[in-house]
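Participant: Quick one: the structure is below, and I'll ask about it shortly.
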Amino acid sequence: QVQLVESGGGLVQAGASLRLSCAASGSIFSINAMGWYRQAPGKQRELVAGISRAGHTNYADSVKGRFTISRDNAKNTVYLQMNSLKPEDTAVYYCASATGFLLRLTDINYWGQGTQVTVSS
């Protein structure tokens, strides 16, 4: 079992920055890919960014150039630095992990409880 605990969400104005953190515990040896999904009201859950244990990253087109994902394997923690936030970034952000190096929905083994990010205009 793996437990994922997110922190760092909140309410900010457009243009501001936030940093999300996700700490993994439990059977962490089984984790390869980690990352973030988000889900806005009435919309499907979508991949925001993922990072493999080796450090390979991928991003949704909508966040490229604004969000940066990073990982500290020694602390079993993944971060999402979000800059130039827009109202359309408003969603619940979920940390996710997978045993493979991809973070497609079908690959996810564990989810965090989610943290709310609200961006006002």
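The values are calculated or read from the model by the stated rules, or taken from the named source; none is laboratory data. It should be emphasised that the depicted structure is a prediction, and the values quoted were computed from it without experimental measurement. Cβ placement follows ideal geometry from the backbone for every residue including glycine, while neighbour counts extend to all protein chains displayed. To get the accessible areas, we keep the full protein, side chains included, count just its heavy atoms, and leave off ligands, DNA and RNA. Shrake-Rupley method; radii C 1.70, N 1.55, O 1.52, S 1.80 Å.
Participant: Starting at the first residue of the range 80-90, write each ³J(HN,Hα) from the Karplus equation 6.51 cos²θ - 1.76 cosθ + 1.60 with θ = phi - 60°, in whole Hz, x for Gly and Pro.
Facilitator: Going residue by residue, I get 10, 8, 10, 10, 6, 5, 10, x, 6, 7, 4 Hz, with x marking Gly and Pro.
Participant: If I model the range 1-49 as equal point scatterers sitting on the Cα atoms and use the Debye formula, what is log10 I(q)/I(0) at q = 0.13, 0.17, 0.30, 0.33 Å⁻¹?
Facilitator: For the requested q values the scattering log ratios are -0.43, -0.69, -1.20, -1.22.
Participant: Considering only protein heavy atoms, what per residue accessible area in square angstrom results for the chain with a 1.4 angstrom probe? Spell out each step's value before the answer.
Facilitator: Values: 6200 Å² over 121 residues.
Spelled out: the 1.4 Å probe surface of the chain, per residue, equals 51 Å².
Participant: By DSSP, what percent of the beta bridges with both residues in the chain are antiparallel, rounded to the nearest 5?
Facilitator: Numbers: 39 of 43 bridges.
Around 90 percent of the beta bridges assigned by DSSP in the chain are antiparallel ones.
Participant: Heavy atoms only, probe 1.4 Å: what % of the accessible area of the chain goes to carbon and sulfur, would you let me know?
Facilitator: 50 percent
Participant: Pairwise over distinct Cα atoms, reciprocal of the mean inverse distance: report the Kirkwood radius of the chain in Å, one decimal place.
Facilitator: 14.1 Å
Participant: Could you work out the relative contact order of the range 1-120? I mean the mean sequence separation of Cα pairs under 8 Å and 6+ apart, divided by the number of residues, in percent.
Facilitator: Working: 299 pairs, mean separation 42.3, N = 120.
Answer for the range 1-120 is 35 percent.
Participant: Next question. Rounding to the nearest 20 debye, state how big the charge dipole of the chain is about its Cα centre with +1 on each Lys and Arg Cβ and -1 on each Asp and Glu Cβ.
Facilitator: Values: 11 positive and 7 negative charges, 21 e Å.
For the chain, the charge dipole is close to 100 debye.
Participant: For F101 and Q113, compute 0.36 nm times the residue count separating them, minus their Cα-Cα distance, and round to one decimal in nm. Provide the component values of the computation, followed by the final result.
Facilitator: On the way: separation 12, 0.36 × 12 = 4.32 nm, distance 2.18 nm.
Extra length from F101 to Q113 when fully extended: 2.1 nm.
Participant: Output the peptides 91-100, 38-47 sorted from most to least packed, where packing is the average of other Cβ atoms within 10 Å over each peptide's residues. Kindly include the intermediate steps, with their values, before the conclusion.
Facilitator: Working: 91-100: 21.0, 38-47: 12.8.
By packing density, highest mean first, the sequence is 91-100, 38-47.
Participant: While we're here: How high is the FRET efficiency from R19 to A54, r the C-beta distance, R0 25 Å, rounded to 0.05? Don't skip to the answer; put the middle values down first.
Facilitator: Details: r = 22 Å, r/R0 = 0.90.
Calculated transfer efficiency: 0.65.
Participant: Can you give the FRET efficiency to the nearest 0.05 for N73 and Q44, using r as the Cβ-Cβ distance and R₀ = 25 Å?
Facilitator: Here the calculated transfer efficiency is 0.25.
Participant: Once the whole set of protein chains is in place, how much accessible area is left on D61, using a 1.4 Å probe, in Å² to the nearest 10?
Facilitator: Approximately 130 Å² of D61 is accessible to the 1.4 Å probe.
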